[in-house]
Amino acid sequence: MTDPKKTANDEAPVSENSVPETPVTEDQTPAEPAPKPDTSAKGDEAAKKAKTPAEDNDEVTALKSELAAMKDRALRAVAEAENVRRRADKERSETMKFASSGLAKELLPVVDNLRRALDSVPEEARAENDVLKNLMVGVEMTEKMLLDAFSKHHIQKLDPLDQKFNYAEHQAIQEVPDTGKPAGTVVQVLQHGYKLHDRLLRPAMVLVAKADATSPPDDTDKVDTTA
């Protein structure tokens, strides 16, 4: 006699391969596999980047040394540029200062000839001839205007008469004995000299007093008598 309490499921046959299934709810997700260790190149690079404090100090010291060297090179470059600028300014200033030296040298013979013309005419001839007198006045005015133009451009005339001979500005042509003046004194100026600022354009050609045989000069320096 069968038990009425048994259900249809109790009477169903059970297969050997049947496995009870665990129901999965909507909130549950399948379990994920455990992560594998990173053995890629990124892991090696990260390991290399990890440095010790001593290595960091060495790197900082090297960077400071390199920075100091770059500063030194920069300062040297600035100093060199400043020196080049100063030299250029000095050369430009010198060029402007002595720019008229070439023209002045060309005009010096003109001044010499004007003076020779004036010295060649005696005062008696001027007094006797009004035409010659007016001509000489015109020559004198021309010489004065030219010398004034020289003066405006800092061209100085050297007139060393009765002065001590100067090797830097004078050229001795001859020594004259028995002048009654100390040896080495300029007794005659044959051709005036000229200077532009502190640069000699032409030395003055002069005659100097010769020392007497009985009284040697105080200054025993040899006088240059070469023309």
Could you work out the pair-distance distribution P(r) of the range 78-127 from its alpha-carbon pairs, with 5 angstrom bin width and percents rounded to whole numbers?
4, 16, 11, 11, 9, 9, 8, 8, 6, 6, 4, 4, 2, 2, 0
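Would you mind checking the pairs 133/157; 97/152; 105/157; 97/195; 105/152 and listing those with alpha carbons more than 18 angstrom apart?
Working: 133/157 26 Å; 97/152 13 Å; 105/157 12 Å; 97/195 12 Å; 105/152 16 Å.
Correct reply: 133/157.
Report the local net charge at residue 94: Lys and Arg +1, Asp and Glu -1, summed over other residues whose C-beta lies under 14 Å from its C-beta. Intermediate values should be presented prior to the final figure.
On the way: positive: 86, 87, 90, 92, 97, 199; negative: 89, 91, 198.
Its environment carries a net charge of +3.
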Taking only the alpha-carbon positions of the range 45-155 and ignoring solvent, what does the Debye formula give for the base-10 log of I(q)/I(0) at q = 0.09 Å⁻¹?
-0.57
Computed over the Cα atoms of the range 113-215, what is the convex hull's projected area averaged over all directions, in nm²?
8.0 nm²
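For the range 118-167, how big is Rg over Rh, using alpha carbon atoms and the Kirkwood form of Rh? Please list the in-between numbers first.
Values: Rg = 15.2 Å, Rh = 13.2 Å.
For the range 118-167, the value is 1.15.
Could you order the peptides 81-90, 159-168 from most to least packed, using the average number of other C-beta atoms within 10 Å per residue?
On the way: 81-90: 10.0, 159-168: 13.9.
Put in order of decreasing packing, that is 159-168, 81-90.
Rule-based calculations on the coordinates, nothing more; no lab input. Everything quoted here is computed from the prediction, not taken from an experiment. As a convention, Cβ positions derive from the backbone with ideal geometry for all residues, glycine included, and neighbour counts pool all protein chains shown.
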